[in-house]
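Report on the following structure.
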């Protein structure tokens, strides 16, 4: 469409905003363009439907051409002023020519949904981030940089709510959101998990057991004389009493055992925000499995050789951190501590196979950097007691002690899992001490004459290391 300007006016209006040729942005109420007679100057303008823009031209225009009047309309107010109105979504081009037919300006107009309000909401919600919202038809495109994954998710949620109804509450058009935001410097999280457990056990047995009182067999269902804390077979101390005629004999059993088990594991692992990491310290032990091969022919009996299945044990840690911003960290955490338990040994295909003692914890918590929380804990007390004896006689006062035996067992377990996340950054190798710093093997004379297994060196960066250590040979903690 072509329009002619009958008169020419002088002067330029002050522009409220000057757009770069390669940058697309939503237009303000007024703009100024430069003379494009020599270079075919072109501006790219994005506007919302129903929005308008005043364009100030550098020279008097004689003709105005609009490529698609259904998308945008250009109204000539004077020789140097254009009034552009967005009518419908789409693209068009507006050309301005002077009286000699030379091009003054060429404007590429993109009419889409107005996201000016969305841009203001994003700027108010995340003032430190640089987020640019654009539209292509019914699609909102978010670009720029944000400080954390939480801000990227928040911007996406705001844009999703804005795209649900472009035409207002009574509209029917919905759009989609393309999130092209870049997280500026993804945070790294180091997680320290402390798993502490104390297990105490007490077993006592005292009384007389007869070897000739009837054909019955005395039975202790709790297995006091079995394994309690070690893999060996427990033995009781006994004194055998018998009369000369050999008609009655009894054994005085006196047994007592105490056991304490202490477990302390402190795995530490680091991961980038949003990524998973795992850490395993332990091993695998074989248990009998299904047969692997069964060689044989029609005339011979097949002989199957058993296979083995390897069961993992040890300390296993898996976690996924998400930095929420402002030092807050969301942790998806899974911890497991598995030990071989010889007290639960069973025979499988004739092979003694121990059991497993497992402590597991899976949780999601939100913590500040350096904050700690007890994600799991257990306090358990188990008591077992059984009395065996001769019916009737075992109930007699005082004398009944000679006709009964008492077995007692008590177990106490206390377990706690403490989680501490830290926001960390990379550092130099010199800032990270290693476990073998300052370690050196002792010489043969030192090992033979002084009983030393390693030499000690003072570190200039650690004044505590120059002190003399006194104590038994073993681990050195400085």
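Laboratory data are not the source of any read-out in this text; all were calculated from the coordinates shown. All figures in this text were calculated on a predicted structure; none of them were measured in a lab. Every residue, glycine as well, gets a Cβ built from its backbone with ideal geometry; the counts of neighbours run over all protein chains shown.
Some notes on this structure:
- Segment residue 393..residue 379, full-extension length gain: 1.1 nm, with 0.36 nm per residue of separation and the alpha-carbon distance subtracted.
- Estimated D of the stretch 41-111 in µm² per second, where Rh is the Kirkwood radius over Cα pairs and Stokes-Einstein applies at 25 °C, 0.890 mPa s: 206
- Residue order, fewest to most beta carbons within 10 Å, for 126, 190: 190, 126
- Part-to-part distance (alpha-carbon centres) for the stretch 363-397 and the stretch 307-359, which is given in Å: 21
- Note on 332, 262: ascending count of other Cβ atoms within 10 Å places them as 262, 332, the fewest first.
- Here the gap between residue 425 and residue 360, fully extended at 0.36 nm per residue and compared with their Cα-Cα distance, gives a gain of 20.4 nm.
- Annotation: extensible slack from residue 83 through residue 434 equals 119.2 nm (criterion: 0.36 nm per residue apart, minus Cα-Cα distance).
- Cβ-based exposure ranking for 135, 358, in which fewest neighbours within 10 Å come first: 358, 135
- Separation of the residue 332 and residue 141 label points, Cα + 7 Å toward Cβ, nm: 3.1
- Residue 272-residue 448 FRET efficiency (beta carbon distance; Förster radius 41 Å; 0.05 resolution): 0.20
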